[in-house]
Amino acid sequence: MMYSGEGIVLRRKVLREDDFLVTLLTKEYGKLSLAVRSGAKIKSKLSPPLANAHRIEFAAVKGQEIDTLTFSAILERFGPLEASLEQRLRALQLVEAVDRLVGDHVADRQIYDHLSEALRVLGQTSDAVRAGKFLAHRFLWVLLHRLGTGPEVRFCVNCRKVASLSSFSVAKGGMLCASCHGMDAGAISVPPRLIPFFQLEKERDDSIASGDLALFSRIVYEWVALHLSRPLNSFSFTDTYVSRG
Ligand SMILES: [Zn+2]
């Protein structure tokens, strides 16, 4: 049986000899992996669209164990992602986050659009160091909330008060207010100006100071790490590389 759709390329992995496996986040079927037969051969027409985090159209045929890709073509390259190493690394963060956090075969149009839009914005940004860092971590934060694994950010996890939130507690699972700050000795102080970023009210990085961006990124990543058995390689690598560069 044949089927077709559109998807965003998340990952490639060698299967055997010239065959590889491509993992896509598809609009219609959620995340799925397809075998690309002879895809590693130079003459393969299937392979080039799968080289980066492109949005592609594809066709596949059902197999006993694994489905096989029979057609692929690029629909969108997401701007000049191929031009800048920083942007490619940031794109890698977005797709790795989806690959690791999203389960197979669960179609979710909001997550699909969230990833497309983030890649599009990333392709248009000229400042992959700062804007890119904010974008990647905000993307993760939104993704976690969408997947139902986000922490409580609207009120204090201890007393449920909405006012004077002052720290984030990984152990308690969200924000603590000034009165409850002492509940967790490991709680990380969050300045009031940064709270709206955690509550997803601010979409752009325009008004975030670099120290605040570092704090935002650290808290997002600490929360993500809780949900994963091993770290996101692209996050450990990129922030080391980009901050040194
Ligand atoms: Zn409280």
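Tabulated data
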item: Candidates VAL98, VAL157 - the one that is within 16 Å of the ligand (Cβ to nearest atom), β-branched (Val, Ile, Thr) and under 30 Å from VAL190 (Cβ atoms); result: VAL157
item: Single unsatisfied condition, LEU232 versus (1) over 23 Å from the mean Cα position of the chain (by Cα); (2) surrounded by 13 or more Cβ atoms within 10 Å (Cβ to Cβ); result: (1)
item: Candidates ALA40, ALA107, filtered to the one that is outside any strand (DSSP E or B) and within 19 Å of LEU147 (Cβ to Cβ); result: ALA107
item: Failed item, numbered, when ARG88 is tested on (1) outside any loop (DSSP other than H, G, I, E, B); (2) touching a Ser or Thr at 6+ places or on another chain (Cβ under 9 Å); result: (2)
item: Tally, over segment 151-190, of residues that are touching a residue at least 24 places away in the same chain (Cβ under 8 Å) and within 21 Å of the chain's Cα centre (by Cα); result: 3
item: Of residues in segment 185-231 being among the charged types (D, E, K, R) and under 25 Å from GLY103 (Cα atoms), the one modelled with the lowest pLDDT; result: ARG230
item: The lone exception for GLY39 - which of (1) in contact with a Ser or Thr (Cβ under 8 Å, 6 or more places away or on another chain); (2) among the small types (Gly, Ala, Ser); (3) surrounded by fewer than 13 Cβ atoms within 10 Å (Cβ to Cβ) it fails; result: (3)
item: Pick from segment 86-128, criterion in contact (Cβ under 8 Å) with a residue 60 or more places away in the chain, surrounded by 17 or more Cβ atoms within 10 Å (Cβ to Cβ) and over 10 Å from the mean Cα position of the chain (by Cα), ranking: nearest to TYR29 (Cα to Cα); result: TYR112
item: All positions within segment 1-10 that are surrounded by 15 or more Cβ atoms within 10 Å (Cβ to Cβ) and either in a loop (DSSP other than H, G, I, E, B) or out of contact with any His (no Cβ under 6 Å at 6 or more places or on another chain) (or both); result: GLY5, GLU6, GLY7, ILE8, LEU10
item: Selected residue [out of contact with any helix residue (DSSP H, G or I) (no Cβ under 7 Å at 6 or more places or on another chain), in the same structural domain as ASP99 (by TED's automatic domain parsing), away from the ligand (no atom under 15 Å from the Cβ) and aromatic (Phe, Trp, Tyr)] from PHE198, PHE139; result: PHE198
item: Failed criterion for VAL22 (all others in (1) surrounded by fewer than 20 Cβ atoms within 10 Å (Cβ to Cβ); (2) hydrophobic (A, V, I, L, M, F, W, C); (3) touching a Gly at 6+ places or on another chain (Cβ under 8 Å); (4) within 26 Å of LEU147 (Cα to Cα) hold); result: (1)
item: Options LYS13, LYS31, LYS45: the member that is closer than 16 Å to ARG100 by Cβ and surrounded by fewer than 15 Cβ atoms within 10 Å (Cβ to Cβ); result: LYS13
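Per-residue answers, yes or no, for (1) within 16 Å of the ligand (Cβ to nearest atom); (2) outside the structural domain of ARG218 (by TED's automatic domain parsing); (3) farther than 30 Å from ALA107 by Cα; (4) at pLDDT 95 or above:
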position	(1), (2), (3), (4)
ALA128	no, no, no, no
ALA163	yes, yes, yes, no
SER167	yes, yes, yes, yes
ALA178	yes, yes, yes, yes
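The values are calculated or read from the model by the stated rules, or taken from the named source; none is laboratory data. The structure presented is a predicted model; accordingly, all values stated were derived computationally and were not measured. Cβ coordinates were reconstructed from backbone atoms using ideal geometry, including for glycine residues, and neighbour counts include every protein chain displayed.
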